[in-house]
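The values are calculated or read from the model by the stated rules, or taken from the named source; none is laboratory data. It should be emphasised that the depicted structure is a prediction, and the values quoted were computed from it without experimental measurement. Positions of Cβ are backbone-derived with ideal geometry, glycine not excepted, and every protein chain shown enters the neighbour counts. To get the accessible areas, we keep the full protein, side chains included, count just its heavy atoms, and leave off ligands, DNA and RNA. Shrake-Rupley method; radii C 1.70, N 1.55, O 1.52, S 1.80 Å.
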Amino acid sequence: MIDLFAGPGGLCEGFSSVVDGNGARRFAVKVSIEKDPIAHRTLLLRSIFRKFPKGKVPSCYYDYVRGRISREQFLAHPAIKDAAEHAAKEARCAELGVTPPKEVDDWIREALGGQTDWVLIGGPPCQAYSLAGRSRLRGKDVEKFEADAKHFLYTEYLRIIQEFAPAVFVMENVKGMLNSTNSGKRIFEQILADLKAPRDHLSYEVRSFVVHKADGELEPIDYVIEADDHGIPQSRHRVILFGIRSDVAAATKALKERPESFLLRKLTKKVGVSAALAGLPELRSRLSKEPDSKEAWIGAVRESPKALTGWRLSVRKDIEEAMEKFIKKAERQTTFGAPFVEAVVAPGGYMPQNLQDWYLDPKLGGVLHHETRSHMRSDLHRYMFASCFAATQKYAPDLRNFPPKLLPDHVNVDEETIPFKDRFRVQMGKHPSSTVVAHIKKDGHYYIHPDPGQCRSLTAREAARLQTFPDNYFFEGNRTEQYGQIGNAVPPLLAKQIGEIILDFMTSPRRR
Ligand SMILES: C[S@@+](CC[C@H](N)C(=O)[O-])C[C@H]1O[C@@H](n2cnc3c(N)ncnc32)[C@H](O)[C@@H]1O
């Protein structure tokens, strides 16, 4: 596998998790390329981790992620020396389109060692054609938008296809890519045409992972995968393309004989937020803009019911009762967490067994990145109201349901990403969450914890759980950088299911 625009490595983590009956990995990441130095550090660390079989990762890894030894001490540790050397060749910090193409090609050529049966994966950055990016950039300067290099970063992905002709490629992107136009032309149509015929004597079938139709009959929307249909505890709609080199497609009988088996299985039951977060220690949030202490925080939480005075009566009583109950619960919270919280993580029957197997690592002995943010007093009141409303009314309120006293007086919203009325959003325990996007690094209002007794937004680990990163996945950087990496990724558990399809395809007999 070669992974371009690799981010923190969600896509390659999923593929790498495809194992045979003996637990041996069926895909090896040969090169992954990421320009952001912090995301690259995450990628490098995970690459070291993956050099060891499940359960055999040296204890110095755990010492490092728990903060007991420094990164330098970890990297110098004899138990991981060889793994670190290999990982440095695999995870490359480079900017595609800027780093000389010859350098990139040399890494890939050397890594492939003449192999032709390999998979190219990756998600060229989406900013210019994500809905958010589009209105932001367009609003400012149309010409700049038209010329924006990010718009065309997929051509770097295309260039690698032209140069190395992988047997298969998997390309992920935001749904906004389907509607975006440049100089009046639909970008998606252009991208699809380029991918189908990258150069003379090289062509690809571009299939969908969710809809089977005869070649040429797929509509753009058929390429959209809804992650919550496939066991991911999050509503996340993304375009994912499945490219197969035409000669390989023609030679693989299974593609015609059993096309349905190369589609993702749609599950009838969705996984809710509470199941995904089960077993994580409860935490209180903290106060910002004034000194924080347990007493000051609970004092602020206790004020929440005052916001309801004079407000409409029909649901007020329910919410007041809920507030009273959950304030008592909040009084019992003792900690706001830490980069590593020592704990026994035992979700019991609240989390399905397959997810326990996926998330948990008993060697970790606790929870990483589980530290709450600080919130303004007025936001604590909004969180308490919104989560009690959701707990009693069984749906998440938007600003139209808020009592006037809780409406924000000035609105500082990233309107393109999150609609104004959804400025504050409680995640409902029984349902998949809303999409975890990189905006979560800016503030947590859109990601309010369903438990009013914690009165807070989600921690980075909770966001990582919704994105299905295993608990032992460590994100480098400060908390803001961690949130950003998490929001950017493909959910690894979804990527694993895609990897299983690709493995089935690649190992199906081919006509000579
Ligand atoms: C949407 S994220 C990819 C997520 C990844 N597929 C995953 O599953 O974790 C896109 C990444 O591309 C990186 N990127 C943007 N421009 C780049 C460039 N020119 N070269 C390399 N990486 C780039 C960004 O820093 C970002 O981490």
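Enter the angle in degrees (range 0 to 90, nearest 10) between the Cα long axis of helix 479-488 and the first principal axis of the Cα atoms of the chain, meaning the one along which they spread out most. The answer is roughly 50 degrees. Its Kirkwood hydrodynamic radius, worked out from the mean inverse distance over all distinct Cα pairs, puts the stretch 273-480 at 17.5 Å. Per residue, the average separation of C-alpha pairs within less than 8 Å and at least 6 apart gives the stretch 273-480 a relative contact order of 30 percent.
Residue separation times 0.36 nm, minus the C-alpha to C-alpha distance between VAL344 and ASP106: what's the value? Provide the component values of the computation, followed by the final result.
On the way: separation 238, 0.36 × 238 = 85.68 nm, distance 4.63 nm.
Stretched out fully, the VAL344 to ASP106 stretch lengthens by 81.0 nm.
Here LYS430 and SER246 are evaluated by their C-beta separation; at R0 = 51 Å the FRET efficiency comes out at 0.65. Over the chain, the pair-distance histogram of Cα-Cα distances with 20 Å bins from zero comes to 22, 53, 24, 2 percent, rounded to whole numbers. Neighbours of LEU255 by Cβ distance under 9 Å: Lys/Arg scored +1, Asp/Glu scored -1, total +2. Taking Cβ atoms as reference points and 12 Å as the exclusive limit, the residues near ILE2 contribute a net charge of -2, counting Lys and Arg as +1 and Asp and Glu as -1.
With the simple model of a label 7 Å out from the Cα in the direction of the Cβ, THR116 to ARG302 spans 7.6 nm. Given a 1.4 Å probe and the protein chains as shown, PHE389 ends up with an accessible area of around 0 Å².
The residues of the chain present an accessible area of 44 Å² per residue when probed at 1.4 Å with all protein chains retained. If the chain linking GLU217 and LYS329 were pulled fully straight, counting 0.36 nm for each residue of separation and taking away their Cα-Cα distance, it would gain 34.7 nm. How tilted is helix 154-164 with respect to the longest principal axis of the chain? Cα atoms for both, answer in degrees (0 to 90, nearest 10). Roughly 30 degrees, rounded to the nearest 10. Among the trypsin sites (Lys or Arg not before Pro) in the stretch 322-354, those located in a DSSP loop and surrounded by at most 14 other Cβ atoms within 10 Å of their own Cβ are ARG332. The angle separating the long axis of helix 101-112 from the principal Cα axis of greatest extent in the chain is about 80 degrees.
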